[in-house]
Amino acid sequence: VAAERLDARRSDLAWLLDRLIPSNPPPTGRINAVDRTWEDWVRRTGELPPDFTTMPSRAALPDPLTLQADGPSTPVTNQAQWEQQRRWIRSQIEHWVFGKMPPRPDNLRVASSEERAEDGLTVRSVLLEFGPGHRANLHLQLFIPAGPGPFPVFLTNHSREQSPWIRTAVSRGYLACYYQATDPTYGKPDDSDGFIDVYPEYDFSCLARWAWAAARAVDYLYTRSEVERNHIGIAGHSRNGKQALLAAAFDERIGAVVASSGLQGEVFPHRFTSDPLC
């Protein structure tokens, strides 16, 4: 029986490899410190899919307010149980979907900061450094309205050239903060690609690196008197919608999410969608 299950897992892997969209990563795109693509990782590690036949069959989505422990299921009825359940959900998301993210760095510093006036706003360009040897960096651009503040924050990895959101947010009284961690095909470098070499022991994938970068932007925002800390929202479209949702799920300082057209893994649960283009 064990041999048959092993053969079935090998067959499942062959099916997955056959159905994948051919990989065409950008020049700086990698999934970890060693492999450029998932296929490279599979070839190197020999990792097989789970034994699906041993997994419980569940047609509907699991209830997040039910503790999934050994033995009978337990409804979540108090804050302590919810904290336990939340830690478990996060661990499963990291293990099976996005990879393990590093802890919050304790050495974040501003390497450079420049300001200029523009159409009644203050535009501040910031370079952050953090992590082992301060080798990780992240560029931010803040658009600060006139007035004393503090201001609620509109956080996004869509640059001003890519999206009109920033101008709209500022016109409504928000401080807008752009962090440079997204697909370089949009025209800007992806600072989070450098996190791979700085944190080689962590296997956080591309979307997780973008979300982790959002949290580092929040680290900086928390040091600024013009920021209303309790009102930080994040927005993203398509794959950036996925990372916005992930950023808010793992950083409780982000209190609101506007995620548009994230499709599978954002508005569509993975188990109800088989289209790889979603």
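The values are calculated or read from the model by the stated rules, or taken from the named source; none is laboratory data. All of these numbers come straight from a predicted model, not from anything done at the bench. Note that each Cβ is placed from the backbone with ideal geometry, even for glycine, and that neighbours are counted across all protein chains shown. To get the accessible areas, we keep the full protein, side chains included, count just its heavy atoms, and leave off ligands, DNA and RNA. Shrake-Rupley method; radii C 1.70, N 1.55, O 1.52, S 1.80 Å.
Some points to look at:
- The range 120-138, subset touching a helix residue (DSSP H, G or I) at 6+ places or on another chain (Cβ under 9 Å) and farther than 22 Å from Ser225 by Cβ, residue surrounded by the most Cβ atoms within 10 Å (Cβ to Cβ): Ala136
- Among residues of the range 48-62 that are on the phi < 0 side of the Ramachandran plot, those with a beta-carbon under 8 Å from a residue that is open to solvent by less than 90 Å² (accessible area, probe 1.4 Å) and modelled with pLDDT under 85 at least six positions away or on a different chain give the pairs Pro49/Leu16; Leu61/Pro269; Pro62/Gln68.
- Among the numbered conditions (1) surrounded by 12 or more Cβ atoms within 10 Å (Cβ to Cβ); (2) at pLDDT below 90; (3) in contact with a helix residue (DSSP H, G or I) (Cβ under 6 Å, 6 or more places away or on another chain), the only one that Leu13 does not meet is (3).
- Restricted to the range 172-278, the set of strands (runs of 3 or more DSSP E) holding at least 3 residues that are of a type outside the set (Asp, Glu) and surrounded by 19 or more Cβ atoms within 10 Å (Cβ to Cβ) comprises 175-179, 227-237.
- Hey, Ser260 over 16 Å from Val126 (Cα atoms) and more than 12 Å from the chain's Cα centre (by Cα) or not: yes
- Among all residues of the range 88-98, there is at least one that is under 30 Å from Phe195 (Cα atoms), in contact with a Lys or Arg (Cβ under 7 Å, 6 or more places away or on another chain), modelled with pLDDT of 90 or more and open to solvent by less than 50 Å² (accessible area, probe 1.4 Å).
- Screening the candidates Ala111, Ala80, Ala117 for the property of being out of contact with any helix residue (DSSP H, G or I) (no Cβ under 7 Å at 6 or more places or on another chain), surrounded by fewer than 11 Cβ atoms within 10 Å (Cβ to Cβ) and in a strand (DSSP E or B) yields one hit, Ala117.
- Criterion applied to Val97, Val123 was being touching a residue at least 24 places away in the same chain (Cβ under 8 Å), on the phi < 0 side of the Ramachandran plot and not basic (Lys, Arg), and the one residue passing it is Val97.
- Among residues of the range 120-144, those that are at pLDDT 95 or above and not in a strand (DSSP E or B), counted: 5
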